[in-house]
1. Out of the residues in the range C:319-328 that are surrounded by fewer than 24 Cβ atoms within 10 Å (Cβ to Cβ) and part of a loop (DSSP other than H, G, I, E, B), which is farthest from the other protein chains (Cβ to nearest Cβ)?
2. Among (1) β-branched (Val, Ile, Thr); (2) within 14 Å of another protein chain (Cβ to nearest Cβ); (3) in a helix (DSSP H, G or I); (4) in contact (Cβ under 8 Å) with a residue 24 or more places away in the chain, there is one condition residue A:347 misses while meeting the rest; what is its number?
3. Report whether or not residue A:94 is buried (at least 24 other Cβ atoms within 10 Å of the Cβ) and in a helix (DSSP H, G or I).
4. Hey, can you tell me all the residues within the range A:97-131 that are within 17 Å of residue A:201 (Cβ to Cβ) and assigned to a loop (DSSP other than H, G, I, E, B)?
5. Could you please find all residues in the range B:368-377 being surrounded by fewer than 13 Cβ atoms within 10 Å (Cβ to Cβ) and either part of a helix (DSSP H, G or I) or in contact (Cβ under 8 Å) with a residue 40 or more places away in the chain (or both)?
6. Using beta carbons and a limit of 7 Å, which pairs, at least six apart or on different chains, have the first residue in the range B:388-399 and farther than 15 Å from residue B:347 by Cβ and the second one among the polar types (S, T, N, Q) and part of a strand (DSSP E or B)?
7. Could you list all residues from the range A:176-216 that are under 23 Å from residue A:125 (Cα atoms), within 14 Å of another protein chain (Cβ to nearest Cβ) and not hydrophobic (A, V, I, L, M, F, W, C)?
8. Out of all the residues in the range B:49-85, which are within 29 Å of residue B:141 (Cα to Cα) and either within 8 Å of chain C (Cβ to nearest Cβ) or aliphatic (A, V, I, L, M) (or both)?
Amino acid sequence: MKIVATLRRLADRIARTSSLRITLLAILSAMVVGAFIIILSDIDKLKNGDILGAVHTVGSAYWALVVGSFGSLRAISATINSATPLILCGVSVAVAFKAGLFNIGATGQMLAGGMAALWVGFSMDGPVIIQVPLAVLAGAVGGAAYGAIPGVLKARTGAHEVITTIMLNNMAGFLVLWLLKTNMFQRTDRTDPISKLVAAPGRLPRLFGFMDNRPDLVAHAGFIVAILAVIVYWWFLNRSTSGFEFRAFGMNADAAQYAGMHTKRLTVMAMMFAGAFAGLAGAAEVLGTYGYASQNFAGNIGFDAIAIALLGRSTPLGTLLAALLFGALQAGGRQMQVDTDVPIDLIVVLRALIVMFIAAPLLIKSIWRIKVSPTSLGQTFKGWGS
Amino acid sequence: MQLELQGITKRFPGVIANDNVNLTLKTGEVLCLIGENGAGKSTLMNVLYGMYKADEGQIVLDGKPVVFTSPADAIAAGIGMVHQHFMLVPVFTVAENVVLGVEPTGRFGSLDIDKAREMVREVSDRYNLNLDPDAVIEDLPVGVQQRVEIVKVLLRDAKVVVFDEPTAVLTPKEIIEFFEIVKTLIAANRGVVFITHKLKEALNVADRIAVLRRGQVVGEVDPKTATESQIAEMMVGRPVQLIVDKKPHAPGEVVLEVKDLSVVDADGRTMVDSVSFSVRAGEVVGIAGVQGNGQTELVDALTGLRDSTRGNVSLDGVDITSDSPRERHAKGIAHVPEDRQRQGLVGGLSVAENLILTRYHDEEFSHGIVMDWPAAHSVAENLIAEYDIRTPSADIDASTLSGGNQQKVIVARELSRPLRLSIAAQPTRGVDVGSIEYIHSRIIKERDTGTAVLIVSTELDEVMALSDRLLVMYRGKIVADLDPKVSSAMDIGLYMAGSRPASAVN
Amino acid sequence: MSTIDPVILPLISAEQRKQARSVGLTFVVLGIVAAFVLGNRPGDAGFKLVDSYIFVIPAQPFARILALVLIALGAAQLLKGFGKWTNVVLSISAATFVISFLAWAASGGSFSFTGMLQDTVTRSVPIILGAIAGILCERSGIINIAIEGQLLGSAFAGAVAGSLLGPWIGIVAAMAMGVGLSSILAVFSIRYRVDQVIVGFAINFFALGLTSFLAARVLTDHPDYNILSPLRPIALPLLSNIPVIGVVLFTQTLFVYFAYLAVAVATWSLYHTKWGLRTRAIGEYPKAAGTLGVDVIKLRYRNVLLAGAVAGVGGAWWPIGMVGRFDQNITNGRGFIALAAVIFGRWNPVGALSAALVFGLAEAIQLKMSNLDTGIPSEFLLMAPYLVTLVVVAGFVGRSRGPKAAGQPYDAQ
């Protein structure tokens, strides 16, 4: 009986907020715009008047997207693999949002965490059961430490985290480049900036390792870390005292101060938490996906994470689903590029369009002529000053 | 000129702000629009000023129907408005604010600021308003800012001037000066619409009074014959008690002792200047003063939200000057903040969460790092019942509640525990009459249980009615310590304006 | 009539005291760096000003004297403070420090100082124009995080249109692209009242994705769509004959002259015209302007679109003013640097210009440094401008307030 009631409440909620419908329509709208982009950029076919051929490309490209993300165990594994750092960085941005802070610095925190995890990974030679968790933990600590910098700067001087985290991202990139050329990190036989390898037992185990260790099933235990992170995030937000403080502070900093909360400490704490989650993402990439670090192992994940947190409205479940969607697009996009010559960069366009459409429910409403009560994504920006 | 509002109806989601309102305004007279907070006065005037579009009804100007789609249309038709919250850009000068929208220009669209200064001086001199065109708005006291607003309207040659709650921010002396300005306007054959919720002022200045209740005009009265209680009853819809019912107080030992306290703001201005006073158990001490004379900073310093620069604060003889807000809270200090939207509530959190906002860390609600939500819930349900908070459930966002109910949430949270000192700033600002009565009775009840109570309010009537002892603050100093039973409002008003009544010179 | 003046006493707030202290500490830190790092390399450094004249600075004594002066200044600041002269003293010290740094790096050799300054001006162009675009938006109350996307999108449009139809059409196309991307920002944030930061970010992704997509799908197969000869520098008559300054400021491409013009016009217009008064009003308190009959919505649209056009010229600088082609993500974060310059320069065009020149200088130094053997890893030099921004934003700009209404959707009702 309890389950039925819960389900009914859930169904009610979906119907009431209608955010699910908006999300689906936003994805659909983005796909439509994406189709036009594919067709219009197919200039050779268009020049020859082969419009049908161009339209056909859209069909096969989108089909490849689906097959490449969910069509086989290999595809699902690829989706999981792509989603893992996205989930962790998404939570990183989301937790900062909840505390009213805009963490653009997930990239830098991910780099810091990844390097810390890597160092533990290749320099330790202990029992796997201790070493791997320790390396993952080092990732969280490294990320938290790097995340603490903008937190402390904001709390002490009021420097806006949007600016400081952008600067710290750039600095982290150069720091990593320099580290990768030092004796401590550089692979002995190499002259280019690439790190030593983490020995196989020190890496995160393959998720589908039990299936004859098929090399094409790339998903690793980082995904479990990511799922755990989402659960921790949910628990923290809704059940812990500090989570309550985060939410109050994020929605109304003046009231939080009035209520006796230590707002400066909350600022630092929020950025450290954000950094820790992003650091875990770095650890997952280095210890799971690559087994080493190259100059740009964080890629664009930190920025994608912003879109993910926005899309998921910074809720734990929403962030997880958005990250899975983005991961699926990523995995499918690779397949699409191979199968149809449509460049994977289309995925970035689709992601941008999805965020835009979701952010503007009124627009979706007028395009699709539906009646919904628009739920706003809320305001992320609270002015430059403080 | 004659302006008619015919059958104006304006709906917002869930409420009818104006319901078939008919009104006529003529030049050369003062029409007073009186009603409670939320009765629909401001909405009606915003419809007239082209800021809102009415759902039904029309505006008729000298017999011809007109449609105002923006303030520009209303201005062109000769309607001017002085808003309750001044529409002045704080970082601009007086001249820049006044000419905004009708800028005198030179070559290439350049701004002719000399001409602008000249224009301000001309109007200011003609109506004796005494303004410096180069003063920056944020440096000016509110009374002067209001005169800037008036110049803005006069410069655009308004025939009808609407004043929305113009006296709320003024000292009694400034109010008298304001009424002089109104008379000058009438003498210049302009019409004045005067929106207020203060009965005395309406009777004082109006030629006609229209009473608004729940969006409807419930009647027009003649100020020459009407009485205060008659109008109050029309406003509220039931007989209203205009005085606070309280027994004589029995002050006990000194609870709060403030000695030589000074506070400096971020720009280096001294906002509280060597203030000393004390509050005893079972006593209500009121602090009167025009907004911006250091009351906010004083309360912040007493509650630990702002560091004091000098002096000390003690509670029951123990120095608490360097205690954090939380430590003070734990020692039994309650704080009802002056701005409930900004400080008192988190609109996005539920009513239940707001009811424990200052107490969530207590043993009762949190065990270590884990919140005990069921406990919080049952306390919230009890408070909702006890304080008669009208809400569909404890789980809905606090922002959806009415102003009065939001204030009750704060009062419930702050007063529902054993206290030594209760500090309430503007406890009834923007609250309906029913809630005002209730909140006042709670405050007196708190006093009667032996709590020391400090009330800060810019509503002189409110502090006079509640206080057993009345302090007046002016420019960061306490300039008077009076017995409200024997002091006149006029005398207190003089202290608020920084002067000294003749009776006090001894 | 009585007026109440705020009472001003010689007490200062904790905030001001902290600020003064951080300025003082900055002097001391710079002084220590000068003493121990810059003072450790003997030898003379040649600053080549013109072909026939090399200005020689003995690196070590220069650094040591500078160190003493800086520490003295720091002590003076900590004890007493320079009041309103603080920023002037700080700027001169910073400039001297940079020269000492260059002398340290070039000790025992020589380099073209004039050429470096010329590079500085050239490379600050997209940052200046991006910052002006940011200022135009933010002064009107719209946060523009999308400068990066606007620069990138218009660089692409400029490259393709420039290759096919010539550089002038290229610039026009770039402006059109800037306006197009700006119109997304405008419509979403003004009409649909979407959070401006979200739209801004989405535009950045959109521009990055679309240009990368088109570069991969179209430009790789059609190299003729992506090759053009960039504009040549034009030596302005007379002005370019002034020694050093003539080369640095007046032997530049049209982009640089456009940037000068943009800063001058933006400054004058913002503070001395009807348009500027209204623009600043709608950025600070739009309702005040709205109730006086100013059409806030229309003015916001106009200014955001204008900003797009300015950013468009900034984007066109890459293909048409500099490299002659488009590459994936060619702007590489310059739009975010421009955003930092907006804040750094306190929403003032001249301030943003100064900030942009600092970033341009950092880029120019990097270019030169690769030729000089300094012994410190190049990564740290590359990091320097970001570190400087971090320190400046944290230490000196701190809680500076931007236009108050920035980020708030305007409701005409």
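1. Among those residues, the one meeting the criterion is C:324.
2. (4)
3. Here the answer is yes, as residue A:94 does meet what is asked.
4. Step one: filter the range A:97-131 for residues within 17 Å of residue A:201 (Cβ to Cβ), giving A:117-131.
Across the range A:97-131, the qualifying residues are A:124, A:125, A:126, A:127.
5. B:374
6. B:394/B:350
7. The answer is A:181, A:182, A:183, A:186.
8. Passing the criteria: B:49, B:51, B:71, B:72, B:74, B:75, B:79, B:81, B:82, B:83.
The values are calculated or read from the model by the stated rules, or taken from the named source; none is laboratory data. No experiment lies behind these values; they were computed from the predicted model shown. With ideal geometry, Cβ positions are generated from the backbone for all residues, glycine too; neighbour counts draw on all protein chains shown.
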